[in-house]
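Asker: Please read through the structure below; I'll follow up with questions.
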Number of protein chains: 2
Amino acid sequence: MTVAASIAALDRIRTIVGLNGLLTAPEDMAPYLSEWRGRFKGNSPAVVRPASTEEVAAVVTICAEAGIPVVPQGGNTSLVGGSIPYEEGREIVLSLSRMNRIRGIDTLNYTMTAEAGVVLKTAQEAAKDKDRLLPMSLGAEGTCQIGGLISTNAGGINVLRYGNMRDLVLGLEVVLADGRVWNGLRSLRKNNTGYDLKHLFIGAEGTLGIVTAAVLKLYPRPRQSETAFIAVPSPAAAIELLARLRAASGDAVAAFELMSRRCLEFALKHVAGTIDPLSEPSPWYVLTELTAGTQSDAFRENVEAALGEAFEAELATDATIAQSETQANQLWFIREAIVEAQKFEGGSIKNDVSVPVSRVAEFIERAEAAVAAACPGIRPTPFGHVGDGNIHFNLSQPEGADTAAYLARWDEICHVVNEVIFDLDGSISAEHGVGRFKKDEMPVIKSPVEFDLLRAMKAALDPKGLLNPGKMLP
Amino acid sequence: MTVAASIAALDRIRTIVGLNGLLTAPEDMAPYLSEWRGRFKGNSPAVVRPASTEEVAAVVTICAEAGIPVVPQGGNTSLVGGSIPYEEGREIVLSLSRMNRIRGIDTLNYTMTAEAGVVLKTAQEAAKDKDRLLPMSLGAEGTCQIGGLISTNAGGINVLRYGNMRDLVLGLEVVLADGRVWNGLRSLRKNNTGYDLKHLFIGAEGTLGIVTAAVLKLYPRPRQSETAFIAVPSPAAAIELLARLRAASGDAVAAFELMSRRCLEFALKHVAGTIDPLSEPSPWYVLTELTAGTQSDAFRENVEAALGEAFEAELATDATIAQSETQANQLWFIREAIVEAQKFEGGSIKNDVSVPVSRVAEFIERAEAAVAAACPGIRPTPFGHVGDGNIHFNLSQPEGADTAAYLARWDEICHVVNEVIFDLDGSISAEHGVGRFKKDEMPVIKSPVEFDLLRAMKAALDPKGLLNPGKMLP
């Protein structure tokens with residue numbers, strides 16, 4: 001495209017979105033052009049901020065005609081660079097953040113219709129105001145947006161009980177690559193008329209269409225919550241404990257987070273306010289939350305009885321159950337501090353992986369051995385949503401090692417981890433997605449047949465390759 | 001294709017599947033060529049019964065090369081003719097019934113890997129033997145098969161709690177239109193690497209690929225179940241009661257079935273063993289089942305308390321809670337008898353529709369008025385899974401009317417119902433699918449954009465149009 005054509009297209013876009021909707025000054029665009037950790041940066045002729053589905057459609061139509069690639073962006077909290085344009089500066093950024101209306105809440109249908117730019121925390125609170133629960137919850141919830149959560153099929157801490165973002169979506173409104181609008185904003189629990197198109201767009205990282213609104217499932221709010229911090233001898237014991245707790249509590253386990261002793265030690269050392277809730281050290285811990293829809297003493301008694309049985313079966317060696325919401329928050333603070341603490345221990349190589357729940361222990365054991373062989377002294381700090389088989393298998397550098405030299409081995413060491421993942425039929429990106437970061441792995445991790453199918457979907461829905469090009473697929 | 005080429009292809013297929021795997025005698029083929037109610041019939045040169053994924057792939061490859069269309073078939077319990085070939089006799093039927101192995105159950109991962117031809121009841125029992133629950137349950141469970149359940153995204157009585165078949169699938173193995181095998185048999189709870197292809201094949205009625213095996217989610221088995229038969233003044237009261245029961249029980253409502261007085265009367269009149277569980281007649285009833293993962297008196301007390309509050313709020317006028325499993329079965333027998341009873345009252349025009357749960361009452365009121373205006377004396381017998389917004393809005397003929405003349409008005413009267421459905425953003429096929437029966441409605445009920453997307457998926461995955469042609473899409 002010529003510069004003149006590009007300028008003409010931006011002029012047309014300005015007439016659609018108005019002066020406020022088009023940012024071109026470098027200082028205005030800066031927050032949209034880099035990832036919050038600074039790992040991914042890009043350039044763009046303009047950040048476009050449409051305020052309605054019609055405006056999104058009009059902008060995308062202009063871009064399709066002019067051949068301008070479009071990078072959709074939500075709260076820009078991605079960890080894999082999916083929402084950041086490339087350095088070449090050919091792509092416009094299309095921010096959905098002005099589309100931030102909650103269009104409605106249907107309490108009897110247990111649904112909310114929200115636009116893509118609604119911040120998750122806002123949506124959670126709107127549901128709570130109607131005595132309903134929007135169960136999606138994750139660290140970035142004060143910033144991330146509904147559209148981004150859908151486009152990345154976000155996970156978080158409640159997946160075990162309520163599923164991923166995919167499982168919370170009943171209907172979608174999507175602007176297609178040619179600017180047409182697919183109105184799939186249904187709020188039906190059952191509808192067997194044709195292929196389920198919404199699932200194609202969920203988790204597609206904006207490469208097949210731009211999500212502008214969604215109908216989300218809501219749930220009754222839990223009335224009782226029990227949070228326990230449990231010392232366990234091994235990951236295998238943790239998995240067995242999980243199966244028992246699920247059965248004994250009537251599948252009331254909402255969260256089940258595993259962490260190693262080293263994780264806790266890093267948190268205790270570096271993050272003010274973190275306390276060790278148990279008197280004796282244990283090689284592994286579980287932080288679990290069980291929720292019930294009704295308030296009863298029996299529920300807590302069940303949890304206590306299940307823990308008692310776990311002690312007898314030597315699946316747990318010590319435990320504390322929070323006596324108040326404050327204590328529960330303190331326990332959850334440890335989990336959050338683990339993420340924070342790692343950066344004080346030098347370079348950390350991150351792996352967001354998953355395996356079948358039954359193979360978590362084998363994965364950790366084999367992966368720890370493999371990375372230790374590749375890099376003696378390496379300090380694994382595995383933690384994560386083990387109830388979903390999802391481990392954040394992060395690897396701190398050996399003590400005293402050169403950080404830059406260590407981080408230079410990122411790809412090599414991730415490859416060592418991934419070899420174990422492949423062998424256990426796992427996934428190298430459990431919840432963070434592919435984005436820019438792992439796109440080159442896709443032809444490696446996918447069979448030729450599956451890769452062909454992915455390409456066929458892209459070709460069918462975005463034949464010109466203008467939607468978030470070079471993300472997810474190389 | 002010439003007859004000679006067709007015979008040559010069948011000879012090649014015979015070498016793949018063996019003599020037992022290929023039926024060509026009319027008496028052998030008959031059960032595969034007609035629907036159990038006799039509404040849909042077809043012809044075929046052969047019924048092929050491969051015994052492995054490799055055999056399915058080889059057969060489909062031969063068919064793709066020879067241009068022979070393939071109709072995949074499971075237990076053949078479809079209500080919309082999706083598994084029956086057309087009359088022209090050009091299509092072979094590919095029955096998955098010999099692929100009936102349960103490949104494994106992973107109790108710690110709460111998953112089962114089953115082949116397409118496993119009968120649902122067999123799969124349920126295999127899960128139960130491992131102290132796990134496979135929650136899919138419906139009338140045809142002694143005959144229907146896993147592959148068919150997946151390809152039609154089956155519903156049934158536990159959708160409210162556990163979701164449709166789609167929600168129970170973690171991974172799929174699919175033979176594609178060109179005979180290649182997509183191995184997507186993952187047993188991961190989280191995997192964000194690429195588009196979620198499995199959802200395309202689920203509910204696609206065999207038009208995009210042939211499901212040969214699946215990884216299914218299992219759950220802890222419920223330890224307590226309370227079944228109640230409740231007299232309610234109106235559908236609106238039933239919906240309000242549902243929302244209250246969900247909240248009061250901690251979302252323990254597993255089934256919530258609405259039925260009108262006329263439904264019950266038909267059952268009492270025509271089906272031996274049906275009893276009216278309440279002393280006074282009520283215009284509407286709810287049959288509900290609440291399940292808990294643990295055994296406690298508190299659970300039943302909660303249910304009783306919630307019912308007590310419903311009486312005070314005039315949402316219910318009478319109720320009986322089953323005191324034993326036998327009593328619970330008697331209550332469920334009523335629900336099953338309703339389906340049976342309708343055929344004794346002359347012609348019955350069936351509608352399997354859904355609306356948002358909050359609009360069920362409005363739908364029933366408006367649809368009853370509309371069909372009464374179109375056909376005075378018509379006797380609606382609405383019942384169904386109202387917790388999912390799914391009503392089987394069946395319409396018995398006026399008393400004394402001519403059955404043939406009444407049934408001749410099928411399309412006209414369904415159209416009257418569908419107009420109300422469209423107006424309430426509902427679906428004209430909630431759980432039964434499209435098949436042959438409703439395919440011509442698809443261009444009517446889908447927006448041009450959505451219809452284009454459906455066609456694009458078909459073109460991308462089955463460009464020659466050889467997989468179950470003329471089903472789902474016209």
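Asker: Using the reciprocal of the averaged 1/r over all distinct C-alpha pairs, how large is the Kirkwood radius of segment B:20-146 in Å?
Answerer: Working: mean 1/r = 0.0641 Å⁻¹.
The answer is 15.6 Å.
Asker: From the label point of A:ARG101, set 7 Å along Cα to the beta carbon, how far off in nm is each other copy's matching point, shortest first?
Answerer: 5.7
Asker: Right, something else. Residues with beta-carbon under 12 Å from that of B:LYS130, excluding B:LYS130: net charge, scoring Lys, Arg +1 and Asp, Glu -1? Please list the in-between numbers first.
Answerer: Working: positive: B:LYS128, B:ARG132, B:ARG221; negative: B:ASP106, B:GLU125, B:ASP129, B:ASP131.
Cβ neighbours under 12 Å give a net charge of -1.
Asker: Sticking with this one: Using Cα pairs under 8 angstrom and six or more residues apart, how large is the relative contact order of segment A:138-289, in percent? The partial results should precede the final answer.
Answerer: Numbers: 213 pairs, mean separation 37.7, N = 152.
Reported as a whole number, the value is 25 percent.
Asker: Roughly how many debye, to the nearest 20, is the charge dipole of the protein assembly as shown about its Cα centre, given +1 on each Lys and Arg Cβ, -1 on each Asp and Glu Cβ, and no other charges? Can you show the working numbers first?
Answerer: Working: 90 positive and 116 negative charges, 370 e Å.
Taking the Cα centre of the protein assembly as shown as origin, the dipole is about 1780 debye.
Asker: Using label points projected 7 Å from each Cα along Cα→Cβ, tell me how many nm separate B:ARG14 and A:GLU265, to one decimal.
Answerer: 7.3
Asker: In the structure shown, do any of A:LYS128/B:LYS446; A:LYS198/A:LYS446; A:LYS41/A:LYS217 have a Cα-Cα gap over 27 Å, and if so which? Working shown, then result.
Answerer: Values: A:LYS128/B:LYS446 34 Å; A:LYS198/A:LYS446 22 Å; A:LYS41/A:LYS217 35 Å.
Exceeds cut-off: A:LYS128/B:LYS446; A:LYS41/A:LYS217.
Asker: Quick one: helix B:325-341 against the long Cα principal axis of chain B, what's the angle to the nearest 10°, folded into 0 to 90?
Answerer: Here the helix axis deviates by roughly 70 degrees.
Asker: Oh, and also: Give me the distance between the Cα centres of segment B:207-264 and segment B:87-107, rounded to whole Å.
Answerer: Result: 30 Å between the Cα centres.
Asker: How long are the semi-axes of the equivalent ellipsoid of segment B:13-86, defined as square roots of 5 times the Cα gyration tensor eigenvalues? Whole Å, largest first. Mind dumping the intermediate values first?
Answerer: Details: eigenvalues 94, 34, 26 Å².
Equivalent ellipsoid of segment B:13-86: 22, 13, 11 Å, largest first.
Asker: By how many degrees, 0 to 90 and rounded to 10, does the Cα axis of helix A:360-374 deviate from the longest principal axis of chain A?
Answerer: The angle comes out near 80 degrees.
Asker: Okay, moving on. Contact order normalised by length for segment B:1-140, with contacts defined as Cα pairs under 8 Å and 6 or more residues apart; what percent is it?
Answerer: 21
Asker: Using the C-alpha atoms of chain B, what convex hull volume per residue, in cubic angstrom, is computed?
Answerer: Values: hull volume 73.7 nm³, N = 474.
For chain B, the hull spanned by Cα atoms encloses 156 Å³ per residue.
Asker: Where does the charge balance sit around A:ASP452 when Lys and Arg score +1, Asp and Glu -1, over other residues with C-beta under 12 Å from its C-beta?
Answerer: Numbers: positive: A:LYS446, A:ARG455, A:LYS458, B:ARG180; negative: A:GLU450, B:ASP178.
Combined, the nearby Lys, Arg, Asp and Glu give +2.
Asker: In addition: Distances in nm, one decimal, shortest first, from B:PRO448 to the same residue in every other copy, taking the label point 7 angstrom along Cα→Cβ.
Answerer: Spacings between copies for this position, smallest first, are 4.1 nm.
Asker: How big is the dipole moment of segment A:398-474 about its Cα centre under a simple scheme where the beta carbon of each Lys and Arg is +1, that of each Asp and Glu is -1, and everything else is neutral? Debye, nearest 20, please. Write down the numbers at each step before the final one.
Answerer: Working: 9 positive and 13 negative charges, 124 e Å.
Dipole size: approximately 600 debye.
Asker: In percent, what relative contact order does chain B have, based on Cα pairs under 8 Å that are 6 or more apart in sequence? Don't skip to the end; give the middle numbers.
Answerer: Numbers: 989 pairs, mean separation 71.0, N = 474.
Answer for chain B is 15 percent.
Asker: Need the list of lysines near A:LYS269 for cross-linking: C-alpha distance under 16 angstrom, and skip anything on the same chain fewer than eight residues off.
Answerer: The reachable lysines, counting only those whose Cα sits under 16 Å from A:LYS269, are A:LYS343.
Asker: Could I get the Rg over Rh figure for segment B:94-247? Both from C-alpha atoms, Rh via Kirkwood, rounded to two places.
Answerer: Numbers: Rg = 17.1 Å, Rh = 16.6 Å.
Radius of gyration over Kirkwood radius for segment B:94-247 works out to 1.03.
Asker: A further question on this structure: Just tell me how shielded A:241-252 is by partners: mean number of partner chain Cβ atoms within 10 Å of each residue's Cβ, no decimals.
Answerer: Details: counts 0, 2, 7, 1, 1, 4, 8, 4, 4, 14, 9, 5.
Mean number of neighbouring Cβ atoms from other chains: 5.
Asker: Taking the mean number of other Cβ atoms within 10 Å as a proxy for protection, how do you rank A:91-101, B:385-395, B:174-184, B:144-154 from highest to lowest?
Answerer: On the way: A:91-101: 22.6, B:385-395: 25.6, B:174-184: 20.9, B:144-154: 28.5.
In decreasing order of mean packing, A:91-101, B:385-395, B:174-184, B:144-154 become B:144-154, B:385-395, A:91-101, B:174-184.
Every number here is computed from the coordinates shown, using simple stated rules; none is lab data. Computed from a predicted structure; not experimentally measured. Methodologically, a virtual Cβ is constructed for each residue, glycine included, from the backbone with ideal geometry; neighbour enumeration extends over all protein chains shown.
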